[in-house]
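Down below is the structure, laid out as structure tokens.
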Amino acid sequence: SQTIHQWPATLVQPVGSPLSLECTVEGTSNPNLYWYRQAAGRGLQLLFYSVGIGQISSEVPQNLSASRPQDRQFILSSKKLLLSDSGFYLCAWTVNSGNTIYFGEGSWLTVV
Amino acid sequence: AQSVTQLGSHVSVSEGALVLLRCNYSSSVPPYLFWYVQYPNQGLQLLLKYTSAATLVKGINGFEAEFKKSETSFHLTKPSAHMSDAAEYFCAVTPTGGFKTIFGAGTRLFVKA
């Protein structure tokens, strides 16, 4: 069966520090991968999605970036965090258009 | 561009009462539509989805939703609320043949004893 792992689960980082959140999917190949951010009271905001290795679509211009170095690995990064980057980050995957999106358990990021 | 609007950020019902959570979408062609539920500090899990088959879709935990093209709506209902239904509910849309899934702002459901 397919599983998705996302880490770290919680993170407290100072303003201006770097960020790396990692997500891996097991039990499937060539998934579509997503990073969403959930800020308090603001629903889920699509940040990036990827349909293949090295293919990244950015939805929101900001100081975050994403990379897909391997088929089932998706990394969210920042060189310098801002206070506004705080939130709950969710990695997700799906196989085909219209299929269910499966979410990881999320990563809580607090920038202080 | 597609979008999703959920009317009401908070909905409160009594246990045993009807649950109605509203979702309207904007898309040039009928998209795929989903409802997800999120319990505190967890990821999202699928309740049900519409993929151009039957317009009335039944999901888990007694929830169902009806796709109405003329109203561009996909409202979620449950005949009788249970305390365990208290959670946040998200409507989502994916364009037919596309990969970009957009979520609504969410509706938090409170169930009163």
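The table below lists the values:
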{"quantity": "Scan of the stretch A:7-29 for residues that are closer than 19 Å to A:SER58 by Cα and within 12 Å of chain B (Cβ to nearest Cβ), ordered by number", "calculated": "A:CYS23"}
{"quantity": "Out of B:GLU88, B:GLU66, sole residue that is within 14 Å of chain A (Cβ to nearest Cβ) and not aromatic (Phe, Trp, Tyr)", "calculated": "B:GLU88"}
{"quantity": "Check on A:LEU47, in contact with a strand residue (DSSP E or B) (Cβ under 8 Å, 6 or more places away or on another chain) and within 10 Å of chain B (Cβ to nearest Cβ)", "calculated": "no"}
{"quantity": "Number of the condition not met by A:VAL51 [criteria: (1) under 25 Å from B:THR5 (Cα atoms); (2) more than 13 Å from the chain's Cα centre (by Cα); (3) surrounded by 14 or more Cβ atoms within 10 Å (Cβ to Cβ)]", "calculated": "(1)"}
{"quantity": "Qualifying residue in the stretch A:14-24 (condition: at positive phi and either modelled with pLDDT under 95 or not acidic (Asp, Glu) (or both))", "calculated": "yes"}
{"quantity": "Residue check for B:ALA17: part of a loop (DSSP other than H, G, I, E, B), touching a residue at least 60 places away in the same chain (Cβ under 8 Å), within 18 Å of A:GLN38 (Cβ to Cβ) and small (Gly, Ala, Ser)", "calculated": "no"}
{"quantity": "Strands (runs of 3 or more DSSP E) wholly inside the stretch A:1-67 that include at least 3 residues being touching a Phe, Trp or Tyr at 6+ places or on another chain (Cβ under 9 Å), among the aromatic types (Phe, Trp, Tyr) and closer than 29 Å to B:TRP35 by Cβ", "calculated": "A:32-38"}
{"quantity": "Some residue of the stretch B:31-51 being more than 17 Å from A:TRP93 (Cα to Cα), within 13 Å of chain A (Cβ to nearest Cβ) and either touching a residue at least 60 places away in the same chain (Cβ under 8 Å) or among the charged types (D, E, K, R) (or both)", "calculated": "yes"}
{"quantity": "Selection count, the stretch A:53-112, where residues are in contact with a helix residue (DSSP H, G or I) (Cβ under 9 Å, 6 or more places away or on another chain) and more than 30 Å from B:THR96 (Cβ to Cβ)", "calculated": "5"}
{"quantity": "Hits in the stretch B:33-43 - residues which are within 15 Å of B:LEU109 (Cα to Cα) and part of a strand (DSSP E or B)", "calculated": "B:TRP35, B:TYR36, B:VAL37, B:GLN38"}
{"quantity": "Any hit, the stretch B:54-63, residues being in contact (Cβ under 8 Å) with a residue 12 or more places away in the chain and of a type in the set (A, V, I, L, M, F, W, C)", "calculated": "yes"}
{"quantity": "Residue check, A:ALA40 surrounded by 14 or more Cβ atoms within 10 Å (Cβ to Cβ), within 27 Å of B:SER3 (Cα to Cα) and more than 10 Å from chain B (Cβ to nearest Cβ)", "calculated": "no"}
{"quantity": "Which listed residue, of B:SER80, B:SER84, is out of contact with any His (no Cβ under 6 Å at 6 or more places or on another chain), surrounded by fewer than 17 Cβ atoms within 10 Å (Cβ to Cβ) and without any contact (Cβ under 8 Å) to a residue 60 or more places away in the chain", "calculated": "B:SER84"}
{"quantity": "Among (1) within 13 Å of chain B (Cβ to nearest Cβ); (2) buried (at least 19 other Cβ atoms within 10 Å of the Cβ); (3) part of a loop (DSSP other than H, G, I, E, B) - the single one A:LEU81 does not satisfy", "calculated": "(1)"}
{"quantity": "Any hit, the stretch B:90-107, residues being under 12 Å from the mean Cα position of the chain (by Cα) and farther than 20 Å from A:GLN45 by Cβ", "calculated": "no"}
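The values are calculated or read from the model by the stated rules, or taken from the named source; none is laboratory data. Given the structure is predicted, the values throughout are model-derived calculations rather than measurements. Glycine also receives a Cβ, built like all others from the backbone with ideal geometry; neighbour counts cover every protein chain displayed.
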